[in-house]
Amino acid sequence: MAQNEYNLGKVLEQCRQSAAKGCELAGQQAAFFLDTLHEARNKVQSALDDFRNSPVWASDVTQTLGHHLSELNSLLSTMSDVTGTELPGLEKRLATFSITLFGRTMAGKSTLMEILTHGDGKSIGRGSQRTTRDVRRYQWNGLEITDVPGVCAFGGQRDEALAFDAAKSADLILFLLTDDAPQAAEAECFSRVLSLGKPVICIMNVKAAVSGEDDLELALWDIEDRFDRSRLDAIREEFLAYAAKYGQDWGGVPFVYVHLQSAFLAERTADRKSALALFDASNMKELKRQVVREIKEKGGFFRIRTFTDAAAVPALKAEEQLLRQYDAECRLE
């Protein structure tokens, strides 16, 4: 995909600016709560010292203050980690927008990775083996593309753990399905992916078999036949029906239908006319447009949220602790 064709560079620069703003806001928020916690800790420590030095022993009071002091020290440690380690670590990712490829084994993740990175096809599996056993990261047009192990495989708990851990740091998730009957295990994984709160594009990979030796006209006819919209829409609705089981609404998730194998072959076809025909049949152009559209519409907001959440979660805990401390002080008075 030509970068200027979909203004990807401009969209990514807007996301970078949003991330920088989010980093600034998070840093200010974390610093404010760190100062507030230091002040509260000092006041509790002073009050505790006064009671311990008092000629009148008040065990309940000193025990309560000691408990608050311990909690405040723990929160101070957490907020110090946020300002000293977590936010600087996130700041290093300002220039990178991360996309994670997610889906069951043999859904087409490795093929999509090969298409995006112009690979040699060696990572694409044959048969039913699990082909991606580790997390792999590549750069493409200013994006970091992460291919994770397949999910929903028997005995693949370690693979799923690696996949979900990688997905937590993604700015956008591409979830791959195939045009056969949706599996309940896929729906369960999809529900967990949506619970991460990330933007998601669902890609349905049409599995019409095509090889470089096939007659091009017949191959294109077979792909077009498999791309019957009413058939693919019915599969989509069958998959969306699982949403009710998880109390979620999946209707707003964008779906794109693609034929990844023809896009892969297009990059290896010497004849330009044939290559263009295969690429057009793959519908990859629509997928790339949808990726840019999703980044443009949601990328900036989610990049800001990545930073502010890093500071907000421990800050909320700190606020709750300060309120409990205030209630305790009122009771002491």
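Values as computed for the structure displayed
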{"read-out": "Residues that are within 24 Å of ILE99 (Cβ to Cβ), of a type in the set (A, V, I, L, M, F, W, C) and open to solvent by less than 40 Å² (accessible area, probe 1.4 Å), drawn from the stretch 269-292", "value": "LEU278, ALA281, MET284, LEU287, VAL291, VAL292"}
{"read-out": "Out of LEU75, LEU94, LEU69, LEU48, sole residue that is crowded, with 17+ Cβ neighbours inside 10 Å, modelled with pLDDT under 80 and part of a helix (DSSP H, G or I)", "value": "LEU75"}
{"read-out": "Every residue from the stretch 40-67 that is within 44 Å of the chain's Cα centre (by Cα) and farther than 30 Å from THR306 by Cα", "value": "ASN42, LYS43, VAL44, GLN45, GLN63, THR64, LEU65, GLY66, HIS67"}
{"read-out": "Filter result (open to solvent by less than 10 Å² (accessible area, probe 1.4 Å) and more than 23 Å from the chain's Cα centre (by Cα)) within the stretch 229-268", "value": "LEU232, HIS259, SER262, ALA263"}
{"read-out": "Neighbours by Cβ (under 8 Å, 6+ apart or cross-chain): first from the stretch 178-193, closer than 14 Å to LYS245 by Cα; second of a type in the set (S, T, N, Q)", "value": "SER191/GLN248"}
{"read-out": "Residue list for the stretch 180-204, filter: open to solvent by 10 Å² or more (accessible area, probe 1.4 Å) and acidic (Asp, Glu)", "value": "ASP180, GLU188"}
{"read-out": "Residue in the stretch 203-213 that is in a helix (DSSP H, G or I) and of a type in the set (A, V, I, L, M) present", "value": "no"}
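The values are calculated or read from the model by the stated rules, or taken from the named source; none is laboratory data. Owing to the predicted nature of the structure, the values given are computational and were not obtained by experimental measurement. Please note: Cβ atoms are built from the backbone with ideal geometry, for glycine as well, and neighbour counts cover all protein chains shown. For the accessible areas, the whole protein counts, side chains as well, though only heavy atoms, and no ligand, DNA or RNA atoms are used. Shrake-Rupley method; radii C 1.70, N 1.55, O 1.52, S 1.80 Å.
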